[in-house]
1. Tell me, what ³J(HN,Hα) does each residue in segment 102-117 have, in order and in whole Hz, if you take phi through Karplus 6.51 cos²θ - 1.76 cosθ + 1.60 with θ = phi - 60° and put x for Gly and Pro?
2. If I stretch the segment between residue 298 and residue 469 completely, what's the gain in nm (0.36 nm per residue apart, minus their alpha carbon distance), one decimal?
3. If Lys and Arg each add +1 and Asp and Glu each add -1, what is the summed charge of the other residues whose beta carbon sits under 13 Å from the beta carbon of residue 107?
4. Subtract the Cα-Cα distance of residue 109 and residue 312 from 0.36 nm times their separation in residues, and report this length gain in nm to one decimal.
5. Round to the nearest 10 and give me the degree value, 0 to 90, for the angle of helix 128-156's Cα axis relative to the longest principal axis of the chain.
6. Which length gain, in nm to one decimal place, applies between residue 367 and residue 186 when the Cα-Cα distance is subtracted from 0.36 nm times their residue separation?
7. Over the chain, average the accessible area per residue using a 1.4 Å probe and give it in Å², no decimals.
8. Per-residue HN-Hα couplings for segment 427-437, Karplus 6.51 cos²θ - 1.76 cosθ + 1.60 at θ = phi - 60°, whole Hz, x for Gly and Pro?
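The values are calculated or read from the model by the stated rules, or taken from the named source; none is laboratory data. What you see is a predicted model; the values in this text were computed from it and never measured. With ideal geometry, Cβ positions are generated from the backbone for all residues, glycine too; neighbour counts draw on all protein chains shown. Note: areas computed on protein heavy atoms with side chains; ligands, DNA, RNA excluded. Shrake-Rupley method; radii C 1.70, N 1.55, O 1.52, S 1.80 Å.
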Amino acid sequence: MYITMAIIANSKTDNMEEQLLSSKGNKFPVGTSCSTSVVLSTCVVMCGSLAYGFAVGYTSPVQSGIMSDLGLSIAEYSTFGAILTLGGTIGALVSGTIADMVGRKVTMWIMDLCFILGWLSIIFAKSVWWLDIGRFLMGIGAGLLLYVAPIYIAEIAPKSIRGGCTAAFTFMVYFGFSLMFLIGNILPWRTLAIVGIIPSLVQLIGIFFIPESPRWLAKIGLDKEIEASLQYLRGKNVDISLETAEIKDNVESLTKLSGLRYLDMFDRRYAHSLIVGLGIMILLQSGGTDAISSFASSIFIKAGCSASFATTTMGFIQLPFAAMGIFLLDAAGRRPVLMVASAGTCLGNFLVGVGFLCKDYDQMSQLSATFVLVGILVFAIFFSMGVGGAATTIVSEIFPMNIKGSAGSLAIVCNWFTSWIVTYAFNFLFEWSPSGVFFMFTFFSGLMILFVAKIVPETKGRTLEEIQASLTLLN
């Protein structure tokens, strides 16, 4: 509910201005019909992020139940949990190609089928192989989701609320993760998998009622469909001629500038946007987010905290701050939010490192649990408030249409691959030096601040065409 309120609130100023201009004889929307259409489409897409949050959060509460019922070893269950990342990498590799070939809506249908088949495989699993197949299919769906959903939202939303719409997508991931953790302590693992399938079923039906991306329609030359899609998204009384012309001109100029070869993204003229996209995705995961989420319980236990209390608190404290991020991205801008939030995750990692360092000194060992708990909570607050949402928003905005499929896919592959490296190596590094691994995360979180300050452009309040043209012209 308050996601919708946040997005509409961000557009009130624009609606007031439009009404004033309308009274002077210009053709602009009256009321919130434009925002309502975009919000409804965004809500359908957010069902996918809820499905992803369910998938990520599923393995933590069901571990003992699945291992007991199916007789799994620790190694087998670890494979079951980690295989989502492998599927995600494969899904990410083909996500841009599929989205460019068949469109954003059909790609989301394929994504939903992957999630549905994956959950069904887990629901009826009789052995570890069925579990792994199901988790792998959900990983493919997640790989498709993390590309096509933010791209679709960025392509349909007006510039005044684009950041809030994309941040709402990230919020639903946190919501799904937290909800799965809560009800997972109550429901059996097969019943929990039935709950997990619901968002994908809802989205599968909802996709029939939302328009295709007008920018993808422009790319394949469907002029009438572009106008119909934009008219639905902007409202019946809106003059869409200027926006339609801008989208068509941008796509035509990019098509003339470069063909549709996969390697076009490595052309020098796109170097800036490619460095920004890949850099953000790599630094995002190098800061330790997936490692901390995956192994929070073992981190708290090592520090001497109550794992159940700490992980529950961590799960729920993210929600209000993730909701705050919906407002902040359009109010303050992407760059300030990402830099401040990265400074917060840097501080959080540093406090955790100091906490584990205290365990080596008898007179300070009692402070270890406090430092670690506070540090992890600080990390969770700032990551959910800005790092995840701002990074996703920027990457969905910066690539021109003619390389969006290939460059966007590469960015998501970098995200998944870096996540796999960090998550796989974490336990070994944590055993070697608990404080050392978090000081490493501190370094990469600090590096994100410098990277954003020096290289990442501000995209707030600009159309996608303006953003992409400015980045292309810089090279």
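1. Result, ordered by residue: 10, x, 6, 5, 5, 4, 5, 4, 4, 4, 4, 4, 4, 5, 5, 5 Hz.
2. 56.9 nm
3. Net charge in that neighbourhood comes out at -1.
4. 69.8 nm
5. Approximately 40 degrees, to the nearest 10.
6. 61.8 nm
7. Per residue, the chain has an accessible area of 40 Å².
8. 4, 5, 5, 5, 5, 5, 7, x, 6, x, 5
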